[in-house]
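In what follows, a single structure is set out as structure tokens and then discussed.
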Amino acid sequence: MGKGGVASISSASGGGRDASKIIRKGQGLTAKDARHVANAIAENDEIQTVDLSTNDIGPAGAKDIAEALDGSSVIRLSLMRNNVGKEGTTWIAKALEKNEFLAELNMADNNIDNDGAVELAEMLKANESLYELDLSNNVIDVEGGVAIAEAIKFNPSIRAISLWANKIGGLNATYDGGVAFGESLVCNQSIEE
């Protein structure tokens, strides 16, 4: 991030900028920069969209963002391609268990494994505001796919979920993620995509 770039995050509401958005895609942000974004979220209750796609905030940056979500008015969060892994996913999932505002979460391409998927599944059992979840291109297989499918069976807020480019279908498995999602669609007819 260029000189003065981090400072501009904290003053997102000035200078004719849209005070409801923080968009810092592909700018090489690190965990340190994510802390500044988190501070801006905590200080400005008008922020509704945070897009930090294609950076490298890692688990530590995800933790700071997760902590800032408590009491915030953020409704759209994209951490796509940020290397958050299982640890960062756990922080985000725990924060969203009690969050009442976040509606769209993009965690695609973050090396999220089955353990991270199970954490997200637990969050989905409690969260009633999230309606769109993108977990595309992670390393989730049958175990994680089944956990998420089971969690969304009775979550009427979920409208769209993407697990594209994960391996949730098991060859020669008696029960796989694809079958589990089919059953979830029967139970939860609010899912559109």
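The values are calculated or read from the model by the stated rules, or taken from the named source; none is laboratory data. Because the structure is a prediction, the values reported are computed rather than measured. When we count neighbours, we look across all protein chains shown, and the Cβ atoms used for this are built from the backbone with ideal geometry, even at glycine. With ligands, DNA and RNA removed, areas are computed over all heavy atoms of the protein, side chains included. Shrake-Rupley method; radii C 1.70, N 1.55, O 1.52, S 1.80 Å.
Would you mind telling me the share, in percent, of accessible area of the range 39-83 contributed by carbon and sulfur at probe 1.4 angstrom? The value for the range 39-83 is 39 percent carbon and sulfur by accessible area. Which of the lysines could be linked to Lys125 by a straight reach, that is with a Cα gap under 28 Å, when you skip same-chain ones fewer than 8 residues away? Qualifying lysines at Cα under 28 Å: Lys63, Lys86, Lys94, Lys98, Lys153, Lys167. In order along the range 55-64, the phi-based Karplus estimate (6.51 cos²θ - 1.76 cosθ + 1.60, θ = phi - 60°) of 3J(HN,Hα) comes to 10, 9, 6, x, x, 5, x, 5, 4, 4 Hz; Gly and Pro are listed as x.
By how many nm would the segment from Glu87 to Phe154 lengthen if fully extended, with 0.36 nm per residue of separation less the alpha-carbon distance? The partial results should precede the final answer.
Details: separation 67, 0.36 × 67 = 24.12 nm, distance 2.61 nm.
Full-extension gain reported as 21.5 nm.
Rounded if a/c is under 1.5, else prolate if a/b is larger than b/c, else oblate: which is the range 39-161, with a ≥ b ≥ c the root eigenvalues of its Cα gyration tensor? Because a/c hits 1.5 or more and a/b fails to exceed b/c, the range 39-161 counts as oblate. With both labels modelled 7 Å from their Cα along Cα-to-Cβ, the Ser162 to Lys25 distance reads 1.2 nm.
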